[in-house]
Amino acid sequence: MGYREIYDAGLERIRALGMEPYLDLGAETRSQNRLNRHHLDSFVFEMRLLGSREADTSTTLFGARLRAPIVAAAICESRILKRLGPWDPPYLEQIAAGLAKAGSMMSTGMVTLEELGRIVEQGAPVLHIVKPFKDDEQVLKHLARAEELGCVAVGMDVDVFFLEKAWDEVPGPPDLGHKTLDDLRRYRAATELPFVIKGVLSAHDARAAREIGADGLIVSFHGGEAIDYAMPVLQALPAVRAECPDLPILVDSGFRRGTDVLKALALGANGVGFATLLLIACAGGGRDAVAAMVEELQAELQRTMSIAGCASVSEIDPSVMHRVDA
């Protein structure tokens, strides 16, 4: 099955439940997702075919060797997938297993310590993003458990300091809350794993993250649930990269194709996170569909890099990309 077949199979099941609107969970007007896609579509590529060769998409993130810089964005309980159940094994484990099969990386959001253990068992390297729980001990338990399980990195979801918001729903969940810079320094000191700050959308926050000792950043607006009219992620990315030239930087929110990945890499990302697309794939065919979708994205990225004259991830030349009025 190709990209379209995988996507349509999942979307058909989601539509049958009446849950398609929940694929676009922007706050209030949902303008941030529309503006983000518009910005993504405003970039175009040159073709550099003479003297080119087939691209090598492999890369390393947090010490894990991956087939391509395409990973899962932080995934947790899905109101869509849980209605498609019962799942055997659970859908988070199926997504993780599909990513392992495709040589990719799993990222987790709000999961239990038991779920985290079962996810790690699927074999994909895991980046565990810990929510800013009001209960400080819960944060520390998640950091410790991730280290015990051999996760490749941990981090904190700072873009939910003031809770998540979908449309005009009441923000939640209520067990999350604001953390100070001193809190983040304590969390950084509490683990030997690389510590990542997720939800960076400004040079201001990039500087602050670097100063508290962050080992990596994720440029993200939480798929639209952080703030209405959020800056497009690829608009923020160059300024974040300029502030932190030596840190690994991931980016997520709104990515759909392999060409989107190359755009992010050209602007300074080391990896690109997908969530909604993996959810749709899982809805249509579980583990195998997730693996097939990631492999399709990897193939799209490889072909686009080859045509653009980028023989490897390290050789991606930002001058191959230009802005136009979309």
- [ ] For segment 59-69, indicate whether the set of residues that are under 27 Å from Val152 (Cβ atoms), touching a residue at least 12 places away in the same chain (Cβ under 8 Å), surrounded by fewer than 19 Cβ atoms within 10 Å (Cβ to Cβ) and small (Gly, Ala, Ser) is non-empty.
- [x] yes
Open item on the list: Checking Ser314 against (1) under 23 Å from Asn36 (Cα atoms); (2) assigned to a helix (DSSP H, G or I): exactly one of these is not met. Which one?
Closed with: (1)
TODO: List every residue pair whose Cβ atoms lie under 8 Å apart, where the two residues are 6 or more positions apart in sequence or sit on different chains, the first residue falls within segment 146-171 and is closer than 23 Å to Gly213 by Cα and in contact (Cβ under 8 Å) with a residue 60 or more places away in the chain, and the second residue, located anywhere, is open to solvent by less than 60 Å² (accessible area, probe 1.4 Å) and assigned to a helix (DSSP H, G or I).
DONE: Asp157/His222; Asp159/His222; Val160/His222
Task: Selection from segment 147-203 of residues that are more than 18 Å from the chain's Cα centre (by Cα) and aliphatic (A, V, I, L, M) - done: Leu149, Leu163, Ala166, Val170, Leu176, Leu181, Leu184, Ala189, Ala190, Leu193, Ala203
Open item on the list: If I filter segment 114-140 down to residues being open to solvent by 60 Å² or more (accessible area, probe 1.4 Å) and basic (Lys, Arg), which single residue comes out as nearest to the chain's Cα centre (by Cα)?
Closed with: Arg118
Open item on the list: Every residue in segment 38-58 that is out of contact with any strand residue (DSSP E or B) (no Cβ under 9 Å at 6 or more places or on another chain), closer than 21 Å to Asp317 by Cα and open to solvent by 60 Å² or more (accessible area, probe 1.4 Å), please.
Closed with: Asp41, Met47, Arg48, Leu49, Leu50, Gly51, Arg53, Glu54
- [ ] Inspect all residues belonging to segment 257-274 and state whether any of them is modelled with pLDDT of 95 or more and in contact with a Cys (Cβ under 7 Å, 6 or more places away or on another chain).
- [x] no
Task: Residue that is nearest to Phe221 (Cα to Cα) [pool: residues in segment 1-23 that are open to solvent by less than 60 Å² (accessible area, probe 1.4 Å), touching a residue at least 60 places away in the same chain (Cβ under 8 Å) and assigned to a loop (DSSP other than H, G, I, E, B)] - done: Met19
Open item on the list: Checking the condition in contact with an Asp or Glu (Cβ under 8 Å, 6 or more places away or on another chain) and of a type in the set (Phe, Trp, Tyr), which residue from Phe255, Phe195 passes?
Closed with: Phe195
- [ ] Would you check which residues across segment 165-176 are surrounded by 14 or more Cβ atoms within 10 Å (Cβ to Cβ) and at negative phi and list them?
- [x] Lys165, Ala166, Pro171, Leu176
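Rundown of residues vs (1) within 19 Å of the chain's Cα centre (by Cα); (2) aliphatic (A, V, I, L, M); (3) over 23 Å from Asp157 (Cα atoms), yes/no style:
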{"residue": "Pro238", "(1), (2), (3)": "yes, no, no"}
{"residue": "Glu296", "(1), (2), (3)": "yes, no, yes"}
{"residue": "Arg303", "(1), (2), (3)": "no, no, yes"}
{"residue": "His322", "(1), (2), (3)": "no, no, yes"}
Task: Scope segment 141-164; condition assigned to a helix (DSSP H, G or I), surrounded by fewer than 18 Cβ atoms within 10 Å (Cβ to Cβ) and touching a helix residue (DSSP H, G or I) at 6+ places or on another chain (Cβ under 8 Å); matching residues - done: Lys141, Leu149
Task: Failed condition for Asn270, given (1) under 15 Å from the mean Cα position of the chain (by Cα); (2) open to solvent by less than 20 Å² (accessible area, probe 1.4 Å) - done: (2)
Task: Among the residues listed as Asp215, Asp183, Asp205, the single one being open to solvent by less than 40 Å² (accessible area, probe 1.4 Å) and either touching a residue at least 40 places away in the same chain (Cβ under 8 Å) or acidic (Asp, Glu) (or both) - done: Asp183
TODO: Name the one entry in Glu93, Glu28 that is open to solvent by 30 Å² or more (accessible area, probe 1.4 Å) and either modelled with pLDDT of 95 or more or farther than 17 Å from Val261 by Cα (or both).
DONE: Glu28
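The values are calculated or read from the model by the stated rules, or taken from the named source; none is laboratory data. Since the model is a prediction, treat every value here as computed from it, not as a measurement. Note: ideal-geometry Cβ built from the backbone for every residue, glycine included; neighbour counts use all protein chains shown. All accessible areas refer to the heavy atoms of the entire protein, side chains included, with ligands and DNA or RNA removed. Shrake-Rupley method; radii C 1.70, N 1.55, O 1.52, S 1.80 Å.
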